[in-house]
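Asks: Before we start, here is the structure in question, set down as structure tokens.
Each reported figure results from applying straightforward, stated rules to the coordinates on display, with no laboratory input. Please read all numbers here as calculations on a predicted model, not as lab measurements. When we count neighbours, we look across all protein chains shown, and the Cβ atoms used for this are built from the backbone with ideal geometry, even at glycine.
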Amino acid sequence: MKGLFICSLGLLFSTHLLGQSPSQKIFPINFSKVAIEDNFWSPQLEKVATSTIDACVSYTEEKTGRIRNFEKVAKGSGQHEGIYYDDSDVYKAIEAIAYSLKNYPNQELEANTDQWIDKIAAAQQPDGYLNTYYTLNGLENRWKDMERHEDYCAGHLIEAGIAYYNTTGKDKLLKVAIKFADHIDNYFRIPNKPWVTGHEGIELALMKLYHQTNEKRYLQLADWFVEQRGKGHGVGKIWDEWKAPEYAQDDIPVRDQRKITGHAVRAMYLYSGVADIASETKDVGYVKTMDAIWDDVVNKHYYITGGIGAQGSNEGFGKPYDLPNESAYCETCASVGMVFWNQRMNMLSAQSKYIDVLERTLYNAAIDGISLTGNRFFYGNPLASDGNYERSEWFGTACCPSNIARLVSSLGSYIYSRSATDLYVNLFVGSETTVDLNKNEVFVKQSGNYPWNGNVSIEINLKKAKAFAVFLRIPGWLKEPVPGSLYHYKNNKTNNYTVTVNGKPIKAALIDGYLKINRKWKKGDKIDLNMDMEVQRIVSSDAMKANKNRVALQYGPIVYAVEDIDNPNAKDGLIIPENTEFKVSYKPDLLGGTNVIQFRAPIISNNLQEDKEITAIPYFLWNNRGKSKMQVWIPEEITDIGRNK
Ligand code: FUB
Ligand code: ZN
């Protein structure tokens, strides 16, 4: 079912719900319909709404020239400040603000954003083109260098326009975005003039625009952009040698690609767009590509924290299994992109392994990108530190802060999904939503204290008893850390779980990682999922040299790290012998309230070995108490101390 309505200025917009994507199996419930009340996530959403968005606003309009650039264009003169892709940060901030305003209405913030939008609209050229860098530096040079992010910025503009319209009902930015999208379509696709987006992102944005407006030309343009790649008229011809075509996934046509290459954020945005297109066009070639690339990523290029993109040199993927810890790049934006892509893969397939990966990345590498205070950020998220690395207030290239802000503010979109008849529970987050299943309003209320423990309750309420299935995700981490062969639980130790409905054990089939609970649901029915959490020692495949004879600790979906601030000399001297016993406890006063893993283990310092009480904290919480040495992979034997690069 699709809702259609006329907006204030007569434009026709559609909201994309069910039935529009022919090959998509399930559809997320949008965050605007999900109220989150959760020990873990509510504080995260709140800190983004207050602190992170404040930081984005002050760096966008005061401390850097990002908004001034739009003012200068409107005025007709001035020097461009910053980097050629800085417009994108303004748009991404607006998108984050839009999501956050939905959760936390804020008139002052909305009024200020309206002013930004006026300035953006005033900077648009009569033909729809909009880019402050090229407009201030000479419009005659526009659309000449595929690496210069003009289309990437357009993509973020489109996403912002849609988000702001959906929250506020104000269509000014969306109309600007549509005018720019039409300009691009008229300039490139209609005359079929080759153009390869150097930094992907516009494809997924155009797919959002297609769903928003129901205008087929945006779907066609998105697909056209994807089809341009790998045909030799792309970026490889222009760039320096080190930016070979595979840097931007442009070495071979997308439907022939089987290995992950190049820049991690670009790749994630590309495959997210490709998944969106495939869900519309049923393009089996694209699905084959993504299946193969996904396997390649999780089997050969995936950190235990869910981070991707090991190398700084290309901000992306390196050789298979080459996953160094201290120099791990793992850009925050790449984790955000990994969440986007895996949600889309889940929607296409209804397989929970994609949510397993999404969850790992979200709870570890992604939210590591933001401080407890919400106003400091990691660009890269390494798995070990010599104590000199810390989050920053901002960056010259400031893609990460607003990216993590838009993800956290829209967290509600990742919890539930639905098919035409059934409900899917993907993430375990205290929340409420109402879903219309076959003309029956089903009210769902989830509670628990995940990820600190594994007890989750889901109440189902509906007016009239009705038969349908609740597909309950049984997390992959119960059995193995990551789908694929890269990591294992030592000694194949698994975690058990039980599921009851109204207190009684049930018989239900496990289908693609979801327990299918099919019954006639009635008011007040309650599902209880109880997952045992045990401290797991994770070992890596032998192919991963960096982690030889080392273990990482995990409890539930959370990966732990040891910081020297709790454990002096641990980074260079701690060993976790085979028989170590672990204790987990919740510390309400530590780092905003967190589980810790405690154990007694030897630390070697100055050639002296001494047993110490060790405290490990969740990886995503490290570096919130000043600079400190840190590591995730810890030697099991003395011989391995010091080899932690
Ligand atoms: O190029 C725009 C953004 O800057 C990319 O997504 C990030 O990786 C950083 O290079
Ligand atoms: Zn980034």
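Asks: Please report the orientation-averaged projected area of the chain, defined via the convex hull of its C-alpha atoms, in nm².
Replies: Answer in nm², one decimal: 27.6.
Asks: Where the centroid of each part is defined by its Cα atoms, how far is segment 195-221 from segment 321-388 in Å?
Replies: So the separation of the two Cα centres works out to 25 Å.
Asks: While we're here: For the chain, what does -39500 (n - 2.57) per DSSP helix run (n ≥ 4), summed and divided by total residues, give at 222 nm, in deg cm²/dmol to the nearest 500?
Replies: Result for the chain, helices only: -9500 deg cm²/dmol.
Asks: Distance between Cα centroids, segment 394-408 to segment 32-50: provide it in whole Å.
Replies: Result: 18 Å between the Cα centres.
Asks: What whole number of Å gives the distance from the Cα centroid of segment 127-160 to the Cα centroid of segment 548-599?
Replies: Their Cα centres are 47 Å away from one another.
Asks: In square nanometres and to one decimal, what's the mean projected area of the convex hull around the Cα atoms of segment 405-547?
Replies: 10.5 nm²
Asks: Further question: On a 21 Å Cα-Cα criterion, which of the cross-link pairs Lys300/Lys583; Lys102/Lys522; Lys439/Lys522; Lys445/Lys523 come out too long?
Replies: Lys300/Lys583; Lys102/Lys522
Asks: Let me ask something else. Distance cut-off 25 Å, Cα to Cα: go down the list Lys144/Lys216; Lys33/Lys464; Lys33/Lys466; Lys33/Lys463; Lys25/Lys193; Lys92/Lys231 and report the pairs above it.
Replies: Lys144/Lys216; Lys25/Lys193; Lys92/Lys231
Asks: Around Asp572, with a cut-off of 10 angstrom between Cβ atoms, what is the net charge of the other residues, counting Lys and Arg +1 and Asp and Glu -1?
Replies: 0
Asks: If a/c stays under 1.5 just call it rounded; otherwise compare a/b with b/c (prolate if a/b is bigger, oblate if not). Do that for segment 238-325, with a ≥ b ≥ c from the square roots of the Cα gyration tensor eigenvalues.
Replies: Since a/c reaches 1.5 but b/c is at least a/b, the shape of segment 238-325 is classed as oblate.
Asks: Can you tell me what share of the DSSP beta bridges in the chain is antiparallel? A percent to the nearest 5 is fine.
Replies: Taking every DSSP beta bridge within the chain, about 95 percent pair in antiparallel fashion.
Asks: In debye to the nearest 20, how big a dipole does segment 48-92 give about its Cα centre with +1 on each Lys and Arg Cβ and -1 on each Asp and Glu Cβ?
Replies: It works out to roughly 120 debye.
Asks: Another one. Can you pull a Stokes-Einstein diffusion coefficient for segment 147-304 at 10 °C (1.306 mPa s), Rh from Kirkwood over Cα pairs, as a whole number of µm²/s?
Replies: 100 µm²/s
Asks: Lys75: which lysines have alpha carbons under 20 Å from its alpha carbon, excluding same-chain residues fewer than 8 sequence positions away?
Replies: Lys119, Lys172
Asks: OK, next. Given +1 on the Cβ of Lys and Arg, -1 on the Cβ of Asp and Glu, and no further charges, what dipole in debye does segment 413-480 carry about its Cα centre, rounded to the nearest 20?
Replies: Using only the charged Cβ atoms, the result is roughly 180 debye.
Asks: Could you give me the ³J(HN,Hα) list for segment 109-122, computed from phi with Karplus coefficients 6.51, -1.76, 1.60 and θ = phi - 60°, whole Hz, x at Gly and Pro?
Replies: Result, rounded to whole Hz: 5, 5, 5, 5, 5, 4, 5, 4, 5, 4, 5, 5, 4, 5.
Asks: In straight Cα distance, which aspartates and glutamates are under 15 Å from Lys526, not counting same-chain residues fewer than 8 positions off?
Replies: Glu432, Glu459
Asks: Next up: Could you give the dipole magnitude of the chain about its Cα centre, charging the beta-carbon of Lys and Arg +1 and that of Asp and Glu -1, in debye to the nearest 20?
Replies: Charge dipole, the chain, about its Cα centre: 1960 debye, nearest 20.
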